[in-house]
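What follows is a short report on a single structure.
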Amino acid sequence: MVDAEAFIEEAVAEIRDEVGDAHAVIALSGGVDSSVAATLAYEALGENLTPVYVDTGLMRKGETDQIRETFAFMESLEVVEAQERFLDALSGVTDPEEKRHVIGEQFIREFETVAKESDADYLVQGTIYPDRIESEGNIKSHHNVGGLPDVVDFEGIVEPVRDLYKDEVRDVARELGLEEIISERMPFPGPGLAVRVIGEITAEKLEVARESCHIVEDEVEAHEPWQAFAAVIGKATGVKGDNRVHGWVVSVRSVESRDGMTARAQELPWETLQRIQSRITGTLPNVARVVYDVTHKPPATIEYE
């Protein structure tokens, strides 16, 4: 386990040493990894740091408003509205790896634009050790590692938590005094809901995924999963009222893990599963059925893509 206090001191010094008197932008998503990286970079660089949150249209319900509230103390925070650009870039893309590469490149281009405006030479990211392992091991390309484009217009990319596992990042978050809504928050993939929609991404499927994920997190929170979410995996026939519907199939996943490298499907109570399916099918008229994923990691990955 990491010595959080010592790590913070070393990470702040490393960021100062690497960036020097230059300006940097930090990719802030609201998850614990990027939040810790942003807080460390802000302590190290102060006014020479521009935190950038990109609203990709692939985020959790209410994410953008929460970011503005939680990080209001960072006066230089920039919120970039890029929903249309991301969805246009993803139009027609169905392959999971291609999705990640498209998203990785689009993110970099958004950060490069802000960097030019703020005269920044460095990009700070919240990449953690499992991101590197899975990308380098060809399990899946994380958008901020294997999904990065070959040409990046930054003098350097700084990754202060690159050697930490998720539970260690949480320890650092607590030591930094970050709110529980950040330090204890469930993991959320960098590509966002794009990897919780199987096949082509559409506005309709994204809305189903967003609302379903919100319901799952709300219902499962009391059971303390490491991660819980919903994914749109296809279509199937159902009946609503007296009418046949050909609606979306939503798969619910809830797992227990220490660091995300392995995971076990959680044995949720039947009553909880029934409430989840009732809320999802009752809230979303275009959902025909809800299923529960009982597969561990391995053989599955935690996310669907």
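ASP293 meets all of the listed conditions (1) without any contact (Cβ under 8 Å) to a residue 24 or more places away in the chain; (2) in contact with a Lys or Arg (Cβ under 8 Å, 6 or more places away or on another chain); (3) among the acidic types (Asp, Glu) but one, namely (1). Filtered by the rule that a residue be over 30 Å from ALA209 (Cβ atoms) and open to solvent by 10 Å² or more (accessible area, probe 1.4 Å), the stretch 20-49 gives GLY20, ASP21, ALA22, HIS23, TYR42, GLU43, ALA44, LEU45, GLY46, GLU47, ASN48.
Within the stretch 83-120, the set of residues being farther than 22 Å from SER34 by Cβ and either hydrophobic (A, V, I, L, M, F, W, C) or open to solvent by less than 30 Å² (accessible area, probe 1.4 Å) (or both) comprises VAL93 only. Based on this model, can you work out whether ILE215 counts as at pLDDT below 95, in a helix (DSSP H, G or I) and over 14 Å from the mean Cα position of the chain (by Cα)? Spelling it out, it is not the case that ILE215 is at pLDDT below 95, in a helix (DSSP H, G or I) and over 14 Å from the mean Cα position of the chain (by Cα). Only residues that are assigned to a helix (DSSP H, G or I) and either modelled with pLDDT under 95 or open to solvent by 20 Å² or more (accessible area, probe 1.4 Å) (or both) were counted across the stretch 249-305, and they come to 11. Under the condition of being touching a residue at least 40 places away in the same chain (Cβ under 8 Å) and aliphatic (A, V, I, L, M), which residue from the stretch 273-290 is farthest from PHE229 (Cα to Cα)? Residue satisfying both the conditions and the ranking: ALA288. Note on the stretch 51-71: residues that are among the polar types (S, T, N, Q), touching a helix residue (DSSP H, G or I) at 6+ places or on another chain (Cβ under 7 Å) and at pLDDT below 95 amount to 1.
Can you tell me how many residues in the stretch 79-99 are more than 15 Å from GLU200 (Cβ to Cβ) and either over 18 Å from the mean Cα position of the chain (by Cα) or not acidic (Asp, Glu) (or both)? Number satisfying all stated conditions: 6.
The values are calculated or read from the model by the stated rules, or taken from the named source; none is laboratory data. Computed from a predicted structure; not experimentally measured. Glycine gets a Cβ as well: all are built from the backbone with ideal geometry, and neighbour counts include every protein chain shown. Ligands, DNA and RNA are excluded from the accessible area calculation, which covers all protein heavy atoms including side chains. Shrake-Rupley method; radii C 1.70, N 1.55, O 1.52, S 1.80 Å.
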